[in-house]
1. Testing the spin-label approximation: label points 7 Å from Cα along Cα→Cβ at residue 536 and residue 421. State their distance in nm.
2. Could you look at the chain and say what percent of its accessible area is carbon and sulfur, using a 1.4 Å probe and all protein chains?
3. What do the square roots of 5 times the Cα gyration tensor eigenvalues come to for the stretch 352-439, in whole Å, largest first, as semi-axes of the equivalent ellipsoid?
4. Given a cut-off of 30 Å, name the pairs among 382/555; 555/666; 34/326; 279/602; 279/326 whose C-alpha atoms lie farther apart than that in the structure shown.
5. Along the charge dipole of the chain, Cβ charges K/R +1 and D/E -1, which of 497, 739, 106 sits furthest on the positive end?
6. Leaving out ligands and nucleic acids, note down the accessible area per residue over the stretch 620-675 with a 1.4 angstrom probe, in whole Å².
7. Leaving out ligands and nucleic acids, and using a 1.4 Å probe, what accessible area per residue does the stretch 230-376 come to in Å²?
8. Can you work out the FRET efficiency for the pair residue 21 and residue 269, with r the C-beta to C-beta distance and R0 = 30 Å, to the nearest 0.05?
Amino acid sequence: MPVPLPIDDVLPELVAALRSNNCAVLKADAGAGKTTRVPLALLRAGFTSEQTSHVGSPLGDQQIVMLEPRRIAARTSARRIASETGEQVGQTIGYRVRFDEAVSASTRVLIVTEGILLRRLQDDPFLEDIGVVVFDEFHERRLDSDLALAMVRRVQQTVRPDLRIVVMSATMDPGPVSHWLGNCPVIESRGRTFPVRVEYLRRTDRIPLPTLAAQGVEHVLAQTDGDILVFLPGVGEIMKTQRELDSLARRHNIAIMPLYGDLSSEEQDQVLAHNVRRKIVLATNVAETSITIDGITAVVDSGYARQMHFDADVGLDRLEMRPVSKASADQRAGRAGRTRPGVCLRLWDESAYRTRADYDQAELHRVDLSAAVLRLHAWGEKNVALFPWFESPPETALRHADRLLRLLGAMDDNGVTAHGQAMVRLPTSPRIARLLIETQNHGLGRRGALLAALLTERDPFVAGNGPVAGKTPAARSQSDVLDRLLAFESFQQTGNPVTSFGTIHRANARTIQLVARQFERVQKDSEYGSDEFRNQADEWILRSLVAAFPDRIAKRREPGSDRGLMIGGRGVRFGSQSSVRQCELFLCVDTDGRGTDALIRKASEVRREWLPSSLIRTVDELFFHPTQKSVTARRRTYMEDLLLDETPTAVEDTSEAAEILFQAAKSNWSSVFPSDDVAVAGFCTRLACLTEWMPELNLPALGGTELQEILREICQGRRSFSEVRRAPWLAVIQSRLDYAAIRTIEREAPESILVPSGSRIRLVYESGRPPVLPVRIQEMFGLRQTPRVAGGRIAVLLHLLAPNMRPQQVTDDLASFWANTYPEVRKELKRRYPKHSWPEDPLTAEAVSGAKRRQN
């Protein structure tokens, strides 16, 4: 007889809700039993046999499919549910996960990971053989869970209104998802938990996390007599903590048991099984939800987990260590109170808990969306931005995904390509799928599968990061990636784990080999069988890398330089870890993005003929040469925005050349406007002054906008600053004025005036000031009044010059000068310049030009 669980009390309510609605949300505390009991309740309620097809015909027995976010949870959940039916797993209750399955024709409840359901949606868009889809632990908000829920909801709303959806969570606010599911019923269950005392241990950076975790275990060891669960960020920390605890475990006869996703199912089952010895389970966040480890009464929480984040440095999603949210921390603590009172020791300050996020951020905000976008397009969605997600992903992430898919050849303007259709069927990211397709197409499926596993799984070279054997960091290499592939292949052949990149970690190597075999199973392999193809095979491996990483192609800035420029404009430089030193074009397979130029850790040679022709474009481009100060034409070849090469060519597009010249010239006005041309500059100033002095004339303005229009006209048919400066500026400027306006300017603001000596002397105009007439005193004899311009409104400012051409007097009142100042000036200048004319009465004396001299 199954043990009663808290969830049992609300199961009738859940079943009733699904009788009247096709959706329901269940919030149940950890330990309530929802994962175990809900699928069975739905099965016994007959939800697998009362459906009809999308065309109205009756269906036979269907399945209840429950999604679990992790493989270990799927397997253990299936076994626990099967045990309550008295059957072996694989009969009525089955599971299907990556690398493993237990399923038969009689399976009615199938526990799967998200990727399995997504592939099923691709093959059977109507989900004809499924009656209910249950989303367990939806609060984890993994991208595939969000995508699967949205796709299943789309099916339900369009062709399968009979399809039931149940969303379950322990910590998530049920309101938003209930509203999104049409305000469906929300059922809540309180778990049967015991009090957990939470303690905090101040974290110090001086103590490594594994050491601190071991101290935490020792701290709680005497506080309870049950098993201890330690949450650590990843496998590396688990192994180091295990070593730290070895002596403690021997003294107290305690079993130390690691628990993480990459363990075999047998190893995971051993951890979950009853043990006669007290045990310390060192786990990643796989132990937070869905699985039950009986006997846990103490939790030591590091406060960290490795979450998937898009790593721009490698162009792939990577696990990064981040602080867990309050919800995750509380979930972890609850593991200590499942069967009796317990204790949770948090390895951080209490104040740090209050500053943590309430919930973990949904993956769709932090991972690459290209796989999801490709899947939706292949599924028939035309506009992914309008797809009804539960929570919309960032527009920038969608644009990035679309661009990458086009670069990979998965999509074009007509939709999903043949390559894209093949890629969506492979259980990996689009770029790795493209790598597998390329290697397979050239008979290198086995090597391609191994390479794909090396690129996606945990690095097996854990004890060092040196160059290839026999090389120094400056030695030549075609590809750091190929070198590692060869080193791993050597390990497979000889069993010797010691390589020039470090000792191979055997557990990581097993995972890589397992993943590689899975990749092999989903593609036909016709590997070259002869060594004579080895060189050619290596080249096709490198070419396949180019197909998979087209957005990470870079070009060396100059021969011999360790710096380059990558597609997208990012500067890069080679680090000592890379042995790729000679090639002009290369792939930045792994970089460190910190700093102005990203540091290249792994690179791979690229040859020009390997570049996909569909991404290459050759264009004639005009640009302004800053040194030559002229418009120049180049025939340039690009891959995306990366300039591959260029050669000079003739300027054909004169209108574009004029526009480029204009844009450069208007920012360098002093270089193109002939300000030293007195006629041009003077006319512009006279027009500006007269516009100010006589506004009623309504003369055309000659401000910044008008001058730019004149400059644009002058640039037509010209190529350089020097040509622009020599252009007929005055004629162009005057062409914008009618004849009457020009006559008015010449009359009211004349360029020069005639003085009594017969000389015509240029006036000096300056905006905001009266015009200046620099004239020798002798040339003004006989003139009684100051000359005036602008219809007599503005008196000319006279700079009366001595014979040495220096101003002796500045005045705008000539009559006053003759009457009051001239007698004194005459005495002084006659003494200094006796040969010049200095009459006593300047008003009756003959004006003398510079060519004549007369003595009084």
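1. 2.9 nm
2. The value for the chain is 48 percent carbon and sulfur by accessible area.
3. Numbers: eigenvalues 158, 48, 21 Å².
Semi-axis lengths for the stretch 352-439 are 28, 16, 10 Å.
4. The answer is 382/555; 555/666; 279/602.
5. 739
6. Here the per-residue accessible area is 51 Å².
7. Numbers: 5590 Å² over 147 residues.
Accessible area per residue: 38 Å².
8. Values: r = 38 Å, r/R0 = 1.25.
Plugging the Cβ-Cβ distance into 1/(1 + (r/R0)^6) gives 0.20.
The values are calculated or read from the model by the stated rules, or taken from the named source; none is laboratory data. Please read these numbers as outputs of a predicted model, since none were measured by experiment. Here the Cβ is made from the backbone with ideal geometry for all residues, glycine too, and neighbour counts use every protein chain on show. Protein only, heavy atoms only, side chains kept; ligands, DNA and RNA dropped before computing areas. Shrake-Rupley method; radii C 1.70, N 1.55, O 1.52, S 1.80 Å.
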